[in-house]
Amino acid sequence: MPLIRQGDQPVWKKREPLKQYAHWAGWMLGGMLFVWCWAIISENTIWEFLYDADEQAASLIGRMIPPDWSITGSLMLPLWDTINIATVGTVMGIAIAFPLAFLAARNTTPHPALRAVALAIIVSSRSINALIWAMLLVTIVGPGSFAGMLAIALRSIGFVGKLVYEAIEEIHPTPVEALSATGAGRSQVLAYAVWPQIMPAFAGICVYRWDINIREATTLGLVGAGGIGLQMNAAINNLAWGQVATVFVLIFATVVVSEWVSAKVRHAML
């Protein structure tokens with residue numbers, strides 16, 4: 001029961017029965033949904049495979065140790081391709097997401113119809129995983145790094161666009177109103193009143209998305225979209241577990257370095 005004050009005396013106020021019933025009904029529905037989802041998962045899971053999962057895991061790790069370091073040199077170019085896929089794809093996604101964010105924000109969109117279109121694009125981009133985008137694009141433009149770049153870009157549009165348009169909607173209105181009162185045009189208001197307020201958030205969002213894309217780009221090769229994932233898929237298909245371990249180590253090292261770089265860049269910008 002919430003505590004309220006009347007004068008100097010604290011008074012306990014009983015929660016309204018309707019709100020209390022709604023609270024418990026929400027918890028009950030949530031519990032029922034969890035049980036229902038668990039039942040569906042159980043029906044589609046072969047639990048017998050879990051009985052010796054620890055032995056299978058130990059066997060697999062044993063076959064991966066030691067890593068096959070002899071292939072390290074041949075993995076440098078695919079690893080560089082992975083970084084390029086993530087970087088170029090991020091830049092392409094930001095270039096499209098930036099104007100979409102201004103169209104999607106309530107306080108900067110020129111027309112509600114344009115806002116609806118921009119939101120639809122942002123939601124569509126966020127609804128599909130980069131790996132799914134890559135599968136579709138490999139079919140359309142063929143296998144290779146170009147499909148991977150497009151997949152990263154299409155996935156980044158929704159992420160960057162959503163966070164940026166939310167940052168635009170949260171700006172302080174006073175600078176906008178003051179500049180508009182002087183007779184400034186729409187582009188001047190955006191450049192001198194809106195952009196300075198969202199620039200730190202925009203920089204952090206872009207660097208953070210690049211960091212995420214480095215990780216996602218490592219898996220695109222599994223569907224033929226270039227990068228080091230292609231070598232990992234080939235090693236798995238050939239049961240060359242020592243080579244798989246080497247690829248894992250290089251991917252882990254790349255992700256750690258990208259995390260360090262993004263943290264330094266965000267700190268410098270903010």
### Residue that is surrounded by the fewest Cβ atoms within 10 Å (Cβ to Cβ) [pool: residues in region 134-155 that are within 18 Å of the chain's Cα centre (by Cα) and under 12 Å from Ala217 (Cα atoms)]
Leu150
#### Entry: Residue within region 220-228 that is surrounded by fewer than 20 Cβ atoms within 10 Å (Cβ to Cβ), touching a residue at least 12 places away in the same chain (Cβ under 8 Å) and assigned to a helix (DSSP H, G or I) present
yes
### Task
Tell me which of these Val123 doesn't satisfy, since it passes every other one: (1) more than 15 Å from Met92 (Cβ to Cβ); (2) surrounded by 15 or more Cβ atoms within 10 Å (Cβ to Cβ); (3) at pLDDT 90 or above.
(2)
#### Entry: Check on Thr82, in contact (Cβ under 8 Å) with a residue 60 or more places away in the chain, of a type in the set (S, T, N, Q) and closer than 30 Å to Ile228 by Cβ
yes
### Query
How many residues does region 191-218 contain that are polar (S, T, N, Q) and crowded, with 21+ Cβ neighbours inside 10 Å?
2
### Message
So Leu250 ticks every box in (1) within 24 Å of Ala97 (Cα to Cα); (2) at pLDDT 90 or above but one. Which box is left unticked?
### Response
(1)
### Query
How many of the residues making up region 65-83 are surrounded by fewer than 16 Cβ atoms within 10 Å (Cβ to Cβ) and closer than 13 Å to Ala217 by Cβ?
1
### Task
Restrict the check to region 183-203 and report whether at least one residue is among the charged types (D, E, K, R), over 21 Å from Ile121 (Cα atoms) and in the same structural domain as Ile251 (by TED's automatic domain parsing).
yes
### Query
Residues in region 167-191 that are in a helix (DSSP H, G or I) and under 30 Å from Val261 (Cα atoms): how many?
4
#### Entry: Yes/no for Gly62 being surrounded by fewer than 19 Cβ atoms within 10 Å (Cβ to Cβ) and either out of contact with any Gly (no Cβ under 7 Å at 6 or more places or on another chain) or in the same structural domain as Glu216 (by TED's automatic domain parsing) (or both)
yes
#### Entry: Tally of residues being in contact (Cβ under 8 Å) with a residue 12 or more places away in the chain, of a type in the set (S, T, N, Q) and more than 19 Å from Ile214 (Cβ to Cβ) across region 89-134
4
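The values are calculated or read from the model by the stated rules, or taken from the named source; none is laboratory data. In this text, all values refer to a predicted model and were calculated from it rather than measured experimentally. Glycine also receives a Cβ, built like all others from the backbone with ideal geometry; neighbour counts cover every protein chain displayed.
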